Amino acid sequence: QVFKSMVLGEWKEKNSSNPIPVPNYSAQAFEAMLGFLYQIGIDPKYFKDHLRLIELFKLADYAQLESLKEYCREQMYKSINETSFIHIALMLEQHPDENLSDLCRWYIQKNPSFGENVDLAAFEPLH
């Protein structure tokens, strides 16, 4: 695991008082990840804002935290809608995940009128 290796391994970050660099992720996402790891909890705003949830999933993918990825997937399953579908599908291009691909396929099947509003050709691999 990337995060564990940086803190406990032989990386230069282990004994440094400098912040551990986590490129391309917000401090809020990192804070949510730490809240999950230390079982403090995650701010409920991450469940209301699919973009924050997607960022947290991507951070969990970067840090190789499968349990956090699974937690994010569960939240995405609970809250998928047209807008979040598009963002999840776009995220899958860089962060492939079979479970989330299945979620997107399920969403398309359960919402046949969705294709009337969105050009599904862009999401060809999902259906």
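The values are calculated or read from the model by the stated rules, or taken from the named source; none is laboratory data. This is a predicted model, so every value here is computed, not measured. Heads up, the Cβs are rebuilt from the backbone with ideal geometry, glycines too, and the neighbour counts pull from every protein chain shown. Heads up: the accessible areas ignore ligands, DNA and RNA and are worked out on the full protein's heavy atoms, side chains in. Shrake-Rupley method; radii C 1.70, N 1.55, O 1.52, S 1.80 Å.
Using DSSP to call loops (not H, G, I, E or B), can you name the GluC sites (Glu not before Pro) in region 40-109 whose Cβ has at most 12 other Cβ atoms within 10 angstrom?
Glu93
Just to confirm a number: summing +1 for Lys and Arg and -1 for Asp and Glu over residues other than Pro44 whose beta-carbon lies under 15 angstrom from that of Pro44, what do you get?
0
Cα-based Rg of region 18-80 per 2.2 N^0.38 Å, rounded to two decimals?
Compactness ratio reported: 1.03.
Accessible surface of Phe114 in the full protein assembly, 1.4 angstrom probe, to the nearest 10 Å²?
Ignoring ligands and nucleic acids, Phe114 comes out at about 0 Å².
Explain nothing, just compute: Karplus ³J(HN,Hα) = 6.51 cos²θ - 1.76 cosθ + 1.60, θ = phi - 60°, for every residue of region 41-53 in order, whole Hz, x for Gly and Pro.
Those phi angles translate into x, 10, 3, x, 4, 5, 8, 9, 10, 5, 5, 5, 5 Hz.
Let me cross-check Arg105: its accessible surface, 1.4 Å probe, with only protein heavy atoms counted, in Å² to the nearest 10?
70 Å²
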